[in-house]
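**Student:** Once you've had a glance at the structure underneath, I'll fire off some questions.
The values are calculated or read from the model by the stated rules, or taken from the named source; none is laboratory data. Since the model is a prediction, treat every value here as computed from it, not as a measurement. As a convention, Cβ positions derive from the backbone with ideal geometry for all residues, glycine included, and neighbour counts pool all protein chains shown. Note: accessible area is taken over every heavy atom of the protein model, side chains too, but ligands, DNA and RNA are not part of it. Shrake-Rupley method; radii C 1.70, N 1.55, O 1.52, S 1.80 Å.
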Amino acid sequence: MGEMKVRPVKPRVQLIGRNGNGFAILGRVERALRDAGRSREEVERFHKEATAGDYDNLLRVVSEYVDIY
């Protein structure tokens, strides 16, 4: 059988009912990624992708990296 890639479990980040400011969201998600043991490169990649567009892009990228609750 072929090898299956195992995706790491996404960290959970509470955004519902929290400050919706883009910078606050960036900080909260970056902290969650670091706390979950993600590499510096992955955190930097997240930051670059998340800030490459508008607020909707930020939220889309956040949802790719973490589970939002």
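**Student:** Can you pull out the residues in segment 59-69 that are open to solvent by 50 Å² or more (accessible area, probe 1.4 Å), part of a helix (DSSP H, G or I) and of a type in the set (Ser, Thr, Tyr)? Steps first, please.
**Tutor:** Just the residues of segment 59-69 that are open to solvent by 50 Å² or more (accessible area, probe 1.4 Å), to begin with: 59-60, 63-64, 67-69.
Remaining after also requiring part of a helix (DSSP H, G or I): 59-60, 63-64.
Across segment 59-69, the qualifying residue is only SER63.
**Student:** Still on this model: Can you name the residue in segment 12-22 that is surrounded by 10 or more Cβ atoms within 10 Å (Cβ to Cβ) and either over 17 Å from GLU64 (Cβ atoms) or in contact with a strand residue (DSSP E or B) (Cβ under 7 Å, 6 or more places away or on another chain) (or both) and is also modelled with the lowest pLDDT among such residues? Walk me through how you get there before you give the answer.
**Tutor:** So in segment 12-22, the residues surrounded by 10 or more Cβ atoms within 10 Å (Cβ to Cβ) come out as 12-15, 18-22.
Remaining after also requiring either over 17 Å from GLU64 (Cβ atoms) or in contact with a strand residue (DSSP E or B) (Cβ under 7 Å, 6 or more places away or on another chain) (or both): 12-15, 18-21.
Numbers: ARG12: 97, VAL13: 96, GLN14: 94, LEU15: 91, ARG18: 87, ASN19: 82, GLY20: 88, ASN21: 94.
If we take residues in segment 12-22 being surrounded by 10 or more Cβ atoms within 10 Å (Cβ to Cβ) and either over 17 Å from GLU64 (Cβ atoms) or in contact with a strand residue (DSSP E or B) (Cβ under 7 Å, 6 or more places away or on another chain) (or both), then ASN19 is modelled with the lowest pLDDT.
**Student:** Related question: In segment 37-58, how many residues are not basic (Lys, Arg) and not in a loop (DSSP other than H, G, I, E, B)?
**Tutor:** So in segment 37-58, the residues not basic (Lys, Arg) come out as 37, 39, 41-44, 46-47, 49-58.
Cutting the leftovers down to not in a loop (DSSP other than H, G, I, E, B) gives us 41-44, 46-47, 49-50, 55-58.
Of the residues in that region, 12 qualify.
**Student:** Would you check if ARG34 is open to solvent by 100 Å² or more (accessible area, probe 1.4 Å), touching a helix residue (DSSP H, G or I) at 6+ places or on another chain (Cβ under 7 Å) and assigned to a helix (DSSP H, G or I)?
**Tutor:** Details: open to solvent by 100 Å² or more (accessible area, probe 1.4 Å): yes; touching a helix residue (DSSP H, G or I) at 6+ places or on another chain (Cβ under 7 Å): yes; assigned to a helix (DSSP H, G or I): yes.
Against the criterion (open to solvent by 100 Å² or more (accessible area, probe 1.4 Å), touching a helix residue (DSSP H, G or I) at 6+ places or on another chain (Cβ under 7 Å) and assigned to a helix (DSSP H, G or I)), ARG34 qualifies.
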